[in-house]
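Below: one structure, written as structure tokens.
The values are calculated or read from the model by the stated rules, or taken from the named source; none is laboratory data. Model, not experiment: these values are computed from the prediction. Counting neighbours? That spans all protein chains shown, and the Cβs are built from the backbone with ideal geometry, glycine included.
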Amino acid sequence: MRVFTLFVFCTIIFSGCSKPSADEYFQQAELAVKSSKTDEAIQLYRKIVDEYPKSEKAEAAQFILASLYQNNTHQYQQAINEYWKYYELFPDAKQTPTALFLIGFLYNNELKIIDSAATAYKLFLEKYPSHEMALSAQFELEHLGEEPEAMLPAEEAKKEKSTVVKK
């Protein structure tokens, strides 16, 4: 009886000390995002990538991590770093072309670092010439550094400006 009690006690102690699984971290991170706790979500997604890099959840966690920096915290350089990490860790993943495109997009449209944007777009077109976003990458590359209004035909630009003024 004492051995059994000791066994149960040890099982309880050790099970309470084990770290959460990648799935558990992922669920916690999703809840944090839904509760607008972005910093907490970032920490949890990072734990998945760091502690469970070979898990099924690591790929999704890394991409979500980058998108949180882009869309929630607007830390664009950090988002770029995370998208590069995704590109390096998951070179054959479905979202890899999107990550590479977003690197160029953020460099061009948010940080205005044209040389880095050009490098990312050129790499995208070299690696994924027939990807559905290839035309967008080519367009972005041809219009690096231009303001969006400058890319619109003259008549549309007038409409766009009058719409902005009316608001």
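Below are the figures for this structure:
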read-out: Failed item, numbered, when Glu59 is tested on (1) acidic (Asp, Glu); (2) surrounded by fewer than 16 Cβ atoms within 10 Å (Cβ to Cβ); (3) more than 26 Å from Lys112 (Cβ to Cβ); (4) at pLDDT 95 or above; value: (2)
read-out: Among (1) at pLDDT below 95; (2) surrounded by 16 or more Cβ atoms within 10 Å (Cβ to Cβ); (3) assigned to a helix (DSSP H, G or I) - the single one Leu100 does not satisfy; value: (1)
read-out: Of all residues in the stretch 31-56 being loosely packed, with under 15 Cβ neighbours inside 10 Å and in a helix (DSSP H, G or I), the one that is modelled with the lowest pLDDT; value: Glu56
read-out: Hits in the stretch 1-30 (condition: at pLDDT 90 or above, in a loop (DSSP other than H, G, I, E, B) and of a type outside the set (Ser, Thr, Tyr)); value: Pro20
read-out: Condition check for Leu89: outside the structural domain of Val49 (by TED's automatic domain parsing) and either over 19 Å from Ile48 (Cα atoms) or among the basic types (Lys, Arg) (or both); value: no
read-out: Qualifying residue in the stretch 105-115 (condition: farther than 20 Å from Glu147 by Cβ and not assigned by TED's automatic domain parsing to the domain that holds Glu56); value: no
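Residues checked against (1) touching a Phe, Trp or Tyr at 6+ places or on another chain (Cβ under 9 Å); (2) under 30 Å from Ser35 (Cβ atoms):
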| site | (1), (2) |
| --- | --- |
| Ser67 | yes, yes |
| Tyr83 | yes, yes |
| Glu88 | no, no |
| Gln95 | yes, yes |
| Ile114 | yes, no |
| Thr119 | yes, no |
